[in-house]
Amino acid sequence: MLWSTAGCQGAEVAAEPAEAVAPPTSVDTPAGTSPSRRSFSVEPLYAIRPDRCSDRRFPKLAGPWIVWCNASTGEVDRATALDLPGRPTRELQAPVRDPSVAPGWLYRPSLEPRLWRLIAGEGALAPESPSGRLQETDGGRVVTDGVTAAWLNRESVEVWKLGEATRQVYPAHPVAGSAPALGGGTVAWVERTDDETQIWGLVGGKPAAIAAPEGGARLVVGSGAWLAWVERGQVVLYAPESGERRQHAAVTGFDHPPSLDGAVACWEDRHGVREAGEAGEGGGGDIEIRCSDGLELRRPGHQRQPSRFGPWLLFREGDSLFLASAPPNETP
Amino acid sequence: MNVRPLRELVGVLAAAALAGAFLYLDVAQTLRAEAALPAARGAAITLLWAAGALGSGSLLLNKLAPATLAGAAGPLHAFALGTGAQASLLTALAFGGRAQFPAFIAVLALGLAPLLTAQPRLIVKRAVAGVTRLGPAGLGLGAALLLPGAVEALAPPTDTDIIYQHLALARRIAEEGSLLGGFDHPDGSRPLPVHLLYAALWGLGGECAPGLWHLGLAAAVLLGVIRLGEARFGGGPAWMGALALLGSWTFLREAGLPYNNLPTALWVLTAVDALLGRNADDPAPLRWMGLSAGLGMAAKYTAAPALAGLALAALYTTPRRHWPALAAGGVLALLAVAPWPARNVLSGLHPFFPYAGWPDSSGLTFMYAEKYGLGRDGAAFGMLPWNLLMRADTESWAFFGRISLVWAALLTVGPLHRWRERPVRVLGLVVAAGFGGWALGPHWMRYLLPIAPVAAVLGATLRPGIGAWLLLLVSLPANLLPAWRSAEDRIAVVLGHEKRADFLKRSLPAGEALAWLETEVPAGAPVAQLFSWYGYYVPQPWRLGSVEDHVPTRFWLWSHPESPLGDLYDEGVRYLLVGESPFLRSQYRFLSDPEYEREFGSYERRLDRALLARATRLMGARGFSVYRIDPPTGVDASGSSE
């Protein structure tokens, strides 16, 4: 292969695949069921320019904080609190590339890992230095929920407690470049099989398929007790501990992954866009954001890249960033 | 008893032991076998290929212009002609769809076969003697200055032009045996004799062979500059021209990179010397001059202005009785160049596509010369020599290069002092014509390389004094340090201490996307590159890719306005490698906002709309994403109807 061995350097070695286990039974909610629509207000956040971030995942919510970029390097360097009076912004002591976010946390795994607790206060946010070093060049994207962290290696998934040096390693064949998900007390990832991609997780402490639908499954995310992923024509929510499964009709997974906050998932939906044609100037459908709790953005133009936490939904529209907020009495 | 010799012997032995221990403990354990073996293979093939060029070249030159072969730079001329013969053979094979491994072996063998006879072996001996004549100091200095080039040649290529064009085409040709071209692959419609050499070297010697061959060619050019300087202007070694080249980042940077500027420069140099070195009664070198000029022109059209100057000089200096030989040289030049424009015409393209021939209605400009340099008004042209010397930058569009200050002395003091001598006037005319033509085009310093060795020979007119040395030394840090920094970044991967994949991931913005393509996308699934220039590393057969200002992607979007991705799907493409921020407004300050929007911004938006409607992003990192084109409605991803 040209990428790894064709040149004037050496080769690399592959390992044995993991054994597949049948997915557990679950309680399903039929596709297409959604709670009734909810009211909300939308405001532009002109001070935050989404195109300043070189990593397309940002700006995004880390709990009630918007994590964003203003550094010339395009790296994440500040966070704005939505739940504090005046919405104060705190800068990080130094910009950080490709951080993992969890509600109230930023984490940068490396040989010198750094962990930021997003809290109100004065001055720049200083990171802590938890133990648990990772080679930056090992590949894969780390996710964290603030307590546990996980990442995908080429032939394994690794899970560890933040601040602990020991990692648990499970055999896996994750799709390259994908991210694992932490939710419901387990870790899940997109597993590459011969035919399609499946969602795998730890079932009884062993890697096993938890979703193997026809047409494949991808873009798994996790939050609290829940996992969510995209299948053909739907978004699926799954609570590993109870086995409950909820399905929501969706035409999504074409750009950004769903955003999950507990049992609430939000996603980009391009229903009708395709029919409008690639030129997209026939006045046909546009991309909307829909959430499993009924929050739905129906505005002119494309709304994209949802990031949800509690009453807040952060999204992009054109070159600008917007915030949709549910009234306080409707806060979940 | 005199103990001094004994002391010296002990000192030498101690130094040798220390050096040996150092090498054993450091280099021997530092260079890993998995890195050394492919490099050794590349070096061996490079040497054989060069020997083949010398062998066949000396045989042919002995027929074409024996006096030139016997001259001071005979081996250089033989190498140039042999290389041209190899390229021409490969061209014929590629036109017939046969430019693959067996053909490469055959071309190599054909070149080596003449070495079984005495005369070509003598040329090889002369070539070796020419190198050893430099002495330990000269060889050591040259090797030290070319060391960054060696590192560059052995490292996985990351240079933009190498991975979108030079090795990307070489790899595709070596794998498929035939040439690419047309609106989908505009790079493949350029003249490609040098790329065919790289295809053969890549196919036989692996990835590092083209770079090592180019490094050897750079060394040959330097040697030629010294020998020709001595021969034309006498009076001792003509070192300063070679040092001016070695002290210029623009030359050093390309030394180990398989570009086509220095091969062009070699043929321009031998063409010029064929004219200068010929005996007044011998018209034969004129034929070789024409052929060499044609090979240079076919290698890169940027040689045209300098060769026009040479043609003028040839007409001016050739007596009427030798004009038939001059005309024969012209015919040979045409024969060397003509296959390439003829191929375009037969393919329904403009003969000089992709430089010309884009449909007028598309409004596409192939290249904006205004992007480069420091302006194109009268004042900027007047200041051009000053700006080239003083304000060039290795990391910006201000010439994108750097040259030594000593050129100022080499191209003024010496030539003006000896202006009455015919070689000075001929060389001066070639250099002036080359520089004038360059000034009319994009002010990219590397485009000056085709005339740089000729200019360096002209510099041998200078007897360097302290002023010249001062200019050389003062400008060395600015020229050498960028090359050394680049080498430092690559040395770990060259020695095998950094994984190739890790090096590429950190060096190439699209590194992660390319790694993903390799592991996740079937090897035979065609990939279209949209605003992306990574053809060399795309494991699958690729289309579009990039040339200046992403013209192929813009042309595709322009010519398929309704369904750019659907039309790609219909032609078998399933995956896309997409660059997300292809244009920087700051590079096109010379365009008004509406012009910029029409030429660039509108195409970004067209692609965004098409991707949102008809593709699924499978991964993205550092500004590059891989998409799958969604199948038509009613067809699942595998292609069967639902």
- Pairs with Cβ under 7 Å, 6+ apart, first in segment B:194-208 and under 19 Å from B:Ala265 (Cβ atoms), second among the aromatic types (Phe, Trp, Tyr): B:Leu201/B:Trp49; B:Leu201/B:Trp213
- State the number of residues belonging to segment A:73-88 that are more than 16 Å from A:Phe315 (Cβ to Cβ) and out of contact with any Lys or Arg (no Cβ under 9 Å at 6 or more places or on another chain). 7
- Positions within segment A:224-252 being among the hydroxyl-bearing types (Ser, Thr, Tyr) and crowded, with 24+ Cβ neighbours inside 10 Å, in sequence order: A:Tyr238, A:Thr252
- Message: Quick check on this structure: which one of B:Ala265, B:Ala311, B:Ala231 is under 19 Å from B:Leu196 (Cα atoms) and among the small types (Gly, Ala, Ser)?
- Response: B:Ala265
- Residue identified as more than 21 Å from B:Leu196 (Cβ to Cβ), of a type in the set (Ser, Thr, Tyr) and modelled with pLDDT of 95 or more among B:Ser88, B:Ser58: B:Ser58
- Message: Looking at B:Gly496, B:Gly511 in this structure, which one is farther than 28 Å from B:Gly579 by Cβ and either among the basic types (Lys, Arg) or within 14 Å of another protein chain (Cβ to nearest Cβ) (or both)?
- Response: B:Gly496
- Which pairs do you get when a residue that is closer than 15 Å to A:Gly201 by Cβ, found in segment A:235-259, comes within reach of a residue that is of a type in the set (S, T, N, Q), reach meaning Cβ atoms under 6 angstrom, with the pair 6+ apart or on two chains? A:Val236/A:Gln247; A:Pro240/A:Thr186; A:Gly243/A:Ser26; A:Arg245/A:Ser26
- Restricting attention to segment B:625-642, and to residues there that are modelled with pLDDT under 90 and not in a loop (DSSP other than H, G, I, E, B), which single residue is nearest to the other protein chains (Cβ to nearest Cβ)? B:Val635
- Residue hits (segment B:50-72; more than 10 Å from B:Ala127 (Cβ to Cβ), crowded, with 24+ Cβ neighbours inside 10 Å and among the aliphatic types (A, V, I, L, M)) are B:Ala53, B:Leu61, B:Ala65, B:Leu69
- Query: In this structure, does B:Ala439 turn out to be small (Gly, Ala, Ser) and within 30 Å of B:Ala33 (Cα to Cα)?
  - Reply: no
- Could you please tell me which pairs satisfy a Cβ distance under 7 Å, a separation of 6+ or placement on different chains, a first residue in segment A:191-210 that is within 12 Å of another protein chain (Cβ to nearest Cβ), and a second residue that is of a type outside the set (Gly, Ala, Ser)? A:Arg192/A:His173; A:Arg192/A:Pro174; A:Arg192/A:Val175; A:Thr197/A:Val175; A:Thr197/A:Val190; A:Thr197/A:Glu191; A:Thr197/A:Arg218
- Message: I'd like to check something: does segment B:167-179 contain any residue that is within 14 Å of chain A (Cβ to nearest Cβ), in contact with a Pro (Cβ under 9 Å, 6 or more places away or on another chain) and within 16 Å of B:Leu154 (Cα to Cα)?
- Response: yes
- Of all residues in segment B:582-597 being charged (D, E, K, R) and modelled with pLDDT of 90 or more, the one that is surrounded by the fewest Cβ atoms within 10 Å (Cβ to Cβ): B:Asp593
- Note on the structure: Filtering helices (runs of 4 or more DSSP H) wholly in segment B:348-432 for at least 1 residues that are over 24 Å from B:Leu245 (Cα atoms) and aliphatic (A, V, I, L, M) gives B:378-382
- Go through segment B:204-218 and give me each residue that's buried (at least 24 other Cβ atoms within 10 Å of the Cβ) and within 14 Å of chain A (Cβ to nearest Cβ). B:Gly205, B:Glu207, B:Cys208, B:Ala209, B:Pro210, B:Gly211, B:Leu212, B:Trp213, B:Leu215
- For segment A:280-295, pairs from a residue that is among the basic types (Lys, Arg) to a residue that is modelled with pLDDT of 90 or more and not in a loop (DSSP other than H, G, I, E, B), with Cβ under 8 Å and 6 or more apart or across chains, are A:Arg290/A:His248; A:Arg290/A:Cys266; A:Arg290/A:Trp267; A:Arg290/A:Asp269
- Item | Residues of segment B:426-460 that turn out to be at pLDDT 95 or above, of a type outside the set (A, V, I, L, M, F, W, C), over 17 Å from the mean Cα position of the chain (by Cα) and closer than 19 Å to B:Ala231 by Cα, as a count | 1
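Condition first: of a type in the set (Lys, Arg) and farther than 17 Å from B:Met367 by Cα. Now tell me which residues in segment B:594-611 satisfy that.
Selection gives B:Arg605, B:Arg606, B:Arg609.
The values are calculated or read from the model by the stated rules, or taken from the named source; none is laboratory data. All of these numbers come straight from a predicted model, not from anything done at the bench. Heads up, the Cβs are rebuilt from the backbone with ideal geometry, glycines too, and the neighbour counts pull from every protein chain shown.
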